[in-house]
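Q: The structure's right below; bear with me while I get my questions together.
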Amino acid sequence: MSSSVSVANDNGVAVVTIDNPPVNALSFHVRKPLYEALTGLRDDPAARAIVIACAGRTFVAGADITEFGKPVQQPELRAIIALLETVPKPTVAAIHGTALGGGLELALGCHFRVAEKSARLGQPEVKLGLLPGGGGTVRLPRLVGPAKALAMIVSGTPISAGEAKAASLVDAVVDSDLLAEAIRFAREMADRGGPFVPVRERNERLVETDLAAFDAQAAELAKKARGLEAPLACTEAVRNAITLPFDAALAAERQLFQKLVSGDQSRAQRHLFFAEREAAKVPGKDLQKRRITRVGIIGAGTMGGGIAMALANGGLPVTLLETSEEALQRGLATIGKNYAVSVSRGSLTEEARQQRLGLFKGGTDYADLADCDLIIEAVFEDMAVKKDVFGKLDTIARPGAILATNTSYLDVNEIAASTSRPQDVLGMHFFSPANVMKLLEIVRAEKTAPEVLATVADLARRIGKVAVVVGVCHGFVGNRMLSARGAENEALLLEGATPAQVDKAFTDFGWPMGPFQMGDLAGLDIGWRNRKARGQTAVIADTLCEQGHFGQKTGSGWYRYEAGSREPVADPDVEALIRAKAAELGIARREIGADDIIERTLYPLVNEGAKILEEGIAARASDIDVVWVNGYGFPIGKGGPMFWAGLEGAGRIVERLEYWRVRTGRPIFEPAPALRRFAETGAWEGAGVR
Ligand code: 3H9
């Protein structure tokens, strides 16, 4: 027997163990011996029952994603499950860790499922732009009912063993000794005697389904799909499970799966899955990570408070530092209120709220941070202020403590130089609201020690952030590219577009909102302040700000907002202002198409990404994709700007950039050498870590 699958006999119960680290994915070298083992055991009189278990940290976490897009090697998972369903003796899946995707489908091929209390079960395929392709859409509804199955499959979110038991997905939940308990369960079933009904024949939950209610639920979910094909295909497949005979529904699921797996959206989402894991890796062998047991946060405003919550949510004790007792209490009160809202919405239990609040300590004296292993500064975005803070930290922080700045733009090298320990200094650029947004740019300064980066990357993982290591430049990866994306916004308006047209081109592309809506949400005064600090102007935006139109918070910005509403309404005054400014500047207005809008915003975005890559500010093109998908709402179905450049055609992007450069004379359209090389070779070249 191969080392990936082994069989043992425990007093008449055959135990088949899958051992394919790290997550027991169902690679070909697992499927083949698994199929052979089950074939042998089906007819083996020495085996009265079969338990399928896994070695290592988890039950099967799904199909092997690296095999998608390559020729399929037999036997497929479907064949293994079909074989399992012909076994006349009881079959039991012993589940620990996670049973995900094809892993849960394998378990659904068994007659019974026994799970450890801490286990989680789910069909996350939708997150890879897929649907469960091993019968999950037709078997899961038979156990948990179509409504629950639909919710699980369309969200991709796993459920706990307890919830799975309540939903009849698992038959028993055990606290410990999973394998022994699963064997005991299997033996008991064998003693009790058959017939043992496979899941495919259990139609009770389907018969009682209210199809109209199901369709209403599906329609609600479809509204949230935002151009993604997989959620809709999931819905169609689960509906088939209700309306079609088992085999026909299974065949339809197969067809839908094949279509998705060979499509661009799933390719993009699979790219992101691996990109996220790659981005967090810090090169360097055996880096000795530092221990982080308490974190200090300087500044209890919106950003500092959000960062503090993100850390507490990950179970870390936090000391919040403010300049006065009053500001501290205000910050703590906001945190308390935010947690109370989570409880009232049902996303946090009262017990968890108490636990989290218990992790906070406050102070107004820098000495209060002396016992912290990591101190994150989230004060006003001003170099002199930051340097002052770091100078103070240098005197009180314990040796080896990591000192981080949450700056979004400033030079981390300069900040580090204001201490005597630049090797311990780095940037941790959180995105607002920091307790919600997934992205963390870890900014590597010239002298940052590799183990400091590795420690913070580890911490990011602990608190559920998606981390990307980036180099120092104005705005790092995300905000620098954001400037490039927005460089033509006003020109588009002056030449004939309206804010609503530009925003629509963005939402049609798949962004959650366009740049003007986004500006109104964030507050136009922020960009205004930044422009003034850098001696820059924006003719229309500056005028709006001078008139006090800061966006949603003032009831008007690029759009108008009715009292208490966040719904943008086109504002004729803004349109008149745009026309007047265009006339003043002698710009003839014309019809602007969606293609022009995309070319003049997203092509410069890609182009700036190429520059970032060749400067070594990002180590890999895929790191840039991770930043944009997790921090800025780039549509996941397009895989991030650098992946999308491949779909769009780098040659075309270069050609159109050149066209716009000639037409406008603006350097933003000068194609970067790395983009030209991509157009020639078909691949981005990572510049490596600087
Ligand atoms: C599917 O099942 C389709 C079927 O319905 C139909 C088939 C016909 N394959 O995340 P981690 C790697 S679709 C290959 O850091 P954690 C991962 O890249 C699949 N590799 O660990 C990483 O590699 P490296 C449905 C995989 O403890 C290493 O394992 N299933 C796979 O934080 C560790 O991963 C899913 O979508 C895989 N399936 O989290 C589940 N999974 O070390 C996807 C992981 O070289 N997996 N790797 O960077 C997960 O959600 C998490 O990995 C898991 C563990 C929760 C399991």
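Q: Which far-off residues, 5 or more places away or on another chain, put their amide H under 5 Å from the one on A49, with H placed in the peptide plane?
A: Amide H to amide H, under 5 Å and 5 or more residues apart or across chains, A49 pairs with A14.
Q: Using only Cα atoms, what Kirkwood radius does region 594-681 have, in angstroms?
A: 12.9 Å is the Kirkwood radius here.
Q: With unit charges on the beta carbon (Lys/Arg positive, Asp/Glu negative), name the residue among G475, V72, I376 whose Cα is farthest towards the positive pole of the charge dipole of the chain.
A: Checking the options against the dipole of the chain, the answer is V72.
Q: Okay, next question. Which order do C110, C473, C545 fall in if you start with the one that has the fewest other Cβ atoms within 10 Å?
A: Listed from fewest to most nearby Cβ atoms, that is C473, C545, C110.
Q: Classify region 1-115 as rounded, prolate or oblate, taking a ≥ b ≥ c as the square roots of the eigenvalues of its Cα gyration tensor: rounded when a/c is under 1.5, otherwise prolate if a/b is larger than b/c and oblate if not.
A: Verdict is prolate for region 1-115.
Q: Next question. Between 0 and 90 degrees, rounded to the nearest ten: what's the tilt of helix 572-584 against the longest Cα principal axis of the chain?
A: 50 degrees
Q: Rounded to whole Å and sorted largest first, list the principal axis extents of the Cα atoms in region 139-198.
A: Ordered largest first, region 139-198 gives principal extents of 38, 29, 14 Å.
Q: Take the alpha carbon atoms of region 94-123, find their center, do the same for region 318-382, and report the distance between the two centers in whole angstrom.
A: Cα centroid of region 94-123 versus Cα centroid of region 318-382: 38 Å apart.
Q: K553 label point, 7 Å along Cα→Cβ, cut-off 11 Å on backbone N: hits in region 286-328?
A: 302
Q: May I pose another question? Could you line up H111, H29 from fewest to most neighbouring Cβ atoms inside 10 Å?
A: Exposure proxy ranking, most exposed first: H29, H111.
Q: I would also like to ask the following. Roughly what percent of Cα-Cα pairs across region 295-472 reach past 28 Å?
A: Within region 295-472, distances greater than 28 Å cover 17 percent of Cα pairs.
Q: What does the net charge come to around A213 if you take all other residues with beta carbon closer than 14 Å to its beta carbon, with K and R at +1 and D and E at -1?
A: Neighbour charge sum, excluding A213 itself: -1.
Q: Take the alpha carbon atoms of region 254-337, find their radius of gyration, then divide it by 2.2 N^0.38 Å using N residues; give the quotient.
A: Taking the Cα Rg and dividing by 2.2 N^0.38 Å, one obtains 1.77.
Q: Could I ask something else about it? Can you put K581, K223 in order, fewest other beta carbons within 10 Å first?
A: Exposure proxy ranking, most exposed first: K223, K581.
Q: For the chain, with the dipole built from +1 on Lys and Arg beta-carbon atoms and -1 on Asp and Glu ones, taken about the Cα centre, which of V662, V629, V318 lies farthest toward the positive end?
A: The residue sitting farthest along the positive end of the dipole is V318.
Q: Could you work out the relative contact order of the chain? I mean the mean sequence separation of Cα pairs under 8 Å and 6+ apart, divided by the number of residues, in percent.
A: In percent, rounded to a whole number, it is 9.
Q: Further, regarding this structure: Regarding region 169-267, what's the average projected area of the Cα-atom convex hull, expressed in nm²?
A: Here the figure is 9.7 nm², rounded to one decimal.
Q: If you don't mind, there's one more thing I want to ask. Counting each DSSP H run of 4 or more residues in the chain as -39500 (n - 2.57), what helix-only mean residue ellipticity at 222 nm follows after dividing by all residues, to the nearest 500 deg cm²/dmol?
A: -15000 deg cm²/dmol
Q: Net charge within 13 Å of A233 by Cβ-Cβ distance, Lys/Arg positive one each and Asp/Glu negative one each, not counting A233 itself?
A: Around A233, the surrounding residues sum to -1.
Q: How about K32: which lysines have a C-alpha closer than 19 Å to its C-alpha, ignoring those fewer than 8 places off in the same chain?
A: K70
Q: Ok, one more. How many angstrom lie between the C-alpha centres of region 170-246 and region 437-504?
A: So the separation of the two Cα centres works out to 41 Å.
Q: Need one number: the % of Cα-Cα pairs in the chain sitting beyond the 35 Å mark.
A: 52 percent
Q: Among rounded, prolate and oblate, which fits region 447-504 when a ≥ b ≥ c are the square roots of the eigenvalues of its C-alpha gyration tensor, a/c under 1.5 means rounded, and a/b larger than b/c means prolate?
A: Oblate, because a/c is 1.5 or more while a/b does not exceed b/c.
Q: Read phi for every residue in region 478-488 and hand back ³J(HN,Hα) as whole Hz from Karplus 6.51 cos²θ - 1.76 cosθ + 1.60, θ = phi - 60°, with x for Gly and Pro.
A: x, 5, 5, 5, 4, 4, 5, 5, x, 4, 9
Q: Where Lys and Arg each count +1 and Asp and Glu each count -1, what net charge lies around A570 among other residues with Cβ under 14 Å from its Cβ?
A: Summing Lys and Arg as +1 and Asp and Glu as -1 gives -4.
Q: Taking just the alpha-carbon atoms of region 519-615, what radius of gyration and Dmax come out, in angstrom?
A: For region 519-615, the Cα-based Rg and Dmax read 15.8, 48 Å.
Q: Contour minus end-to-end for D191 and R529, with contour as 0.36 nm per residue of separation and end-to-end as the Cα-Cα distance?
A: 114.0 nm
Q: When a/c reaches 1.5 or more, the comparison of a/b and b/c decides; with that in mind, is region 5-262 rounded, prolate or oblate per its Cα gyration tensor?
A: Verdict is prolate for region 5-262.
Q: Anything over 30 Å Cα to Cα? Flag those among K504/K611; K337/K387; K165/K361; K532/K611; K447/K611, in the order listed.
A: From the list (K504/K611; K337/K387; K165/K361; K532/K611; K447/K611), the Cα-Cα distance tops 30 Å for K337/K387; K165/K361.
Coordinate-derived values only; no laboratory data. From a predicted model like this one, the values you see are computed outputs, not experimental measurements. Using ideal geometry, Cβ is built from the backbone for each residue, glycine included, and neighbour counts are taken over all protein chains shown.
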